[in-house]
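One structure below.
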Amino acid sequence: MGDKPIWEQIGSSFVQHYYQLFDTDRTQLGSIYIDASCLTWEGQQFQGKAAIVEKLSSLPFTKIAHSITAQDHQPTPDSCIMSMVVGQLKADDDQVLGFHQTFLLKSINTAWVCTNEVFRLALHNL
């Protein structure tokens, strides 16, 4: 991992941490958001740490597992990191579904937090 640019190392570490928390205990995700954070989940918008954690904690499944297919990370001109994740998820006994998720990460007081996040299932009308 040492040969990758620092933004890729930070982005990859964040993604691993995020999905580990999401898959085991979504109520613990509050540590990665701030009060100004924004989430768009399937077109619904939520602002603030409490609203985001409430939304994620209330999703209608008891168990979930994410499998990351690809992730890309870029530095932004204002010293943030933009991360995009593509993968598959399996919730309860539902079918496996594809998803796309984008994070904007910012360093605040030496900790990387998510200021913006967008999630969409990869559903197509065939």
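Straight-distance candidates among the aspartates and glutamates for linking to K90, with alpha-carbon spacing under 16 Å and chain neighbours fewer than 8 residues away dropped: D23, D25.
Projecting label points 7 angstrom from Cα along Cα→Cβ for A91 and E54 puts them 1.9 nm apart. For the stretch 48-94, the list of trypsin sites (Lys or Arg not before Pro) that fall in a loop by DSSP and count at most 11 other C-beta atoms within 10 angstrom reads K63. Based on DSSP H segments of at least four residues, each scored -39500 (n - 2.57), the chain has a per-residue ellipticity at 222 nm of -7000 deg cm²/dmol. Derived scalar couplings between HN and Hα for the stretch 3-15 equal 8, 7, x, 4, 5, 6, 5, 5, x, 5, 5, 4, 4 Hz in order, rounded to whole Hz, by the Karplus curve 6.51 cos²θ - 1.76 cosθ + 1.60 (θ = phi - 60°), x for Gly and Pro. With a Förster radius of 22 Å, plug the Cβ-Cβ distance of I108 and H17 into 1/(1 + (r/R0)^6) and report the FRET value to the nearest 0.05. For I108 and H17, the calculated efficiency is 0.90. Taking Lys and Arg as +1 and Asp and Glu as -1, the other residues whose beta-carbon sits under 14 Å from that of G98 total 0. Peptides 8-16, 95-103, 23-31 ranked from most to least packed by the mean count of surrounding Cβ atoms within 10 Å: 8-16, 95-103, 23-31.
For the stretch 5-126, the relative contact order comes to 24 percent (Cα pairs under 8 Å, sequence separation of at least 6).
Rolling a 1.4 Å probe across the protein heavy atoms gives the chain an accessible surface of 59 Å² per residue.
With the convex hull drawn over the C-alpha atoms of the stretch 42-126, the volume per residue is 136 Å³. Of all accessible surface on the stretch 1-57 at a 1.4 Å probe, what whole percent is carbon and sulfur? Here carbon and sulfur together make up 49 percent of the probe-accessible area. Taking every protein chain into account, the 1.4 Å probe leaves W7 with about 80 Å² of accessible area, to the nearest ten.
The values are calculated or read from the model by the stated rules, or taken from the named source; none is laboratory data. None of the values given here were measured: they were computed from a predicted structure. Methodologically, a virtual Cβ is constructed for each residue, glycine included, from the backbone with ideal geometry; neighbour enumeration extends over all protein chains shown. The accessibility values were calculated without ligands, DNA or RNA, using every heavy atom of the protein model including side chains. Shrake-Rupley method; radii C 1.70, N 1.55, O 1.52, S 1.80 Å.
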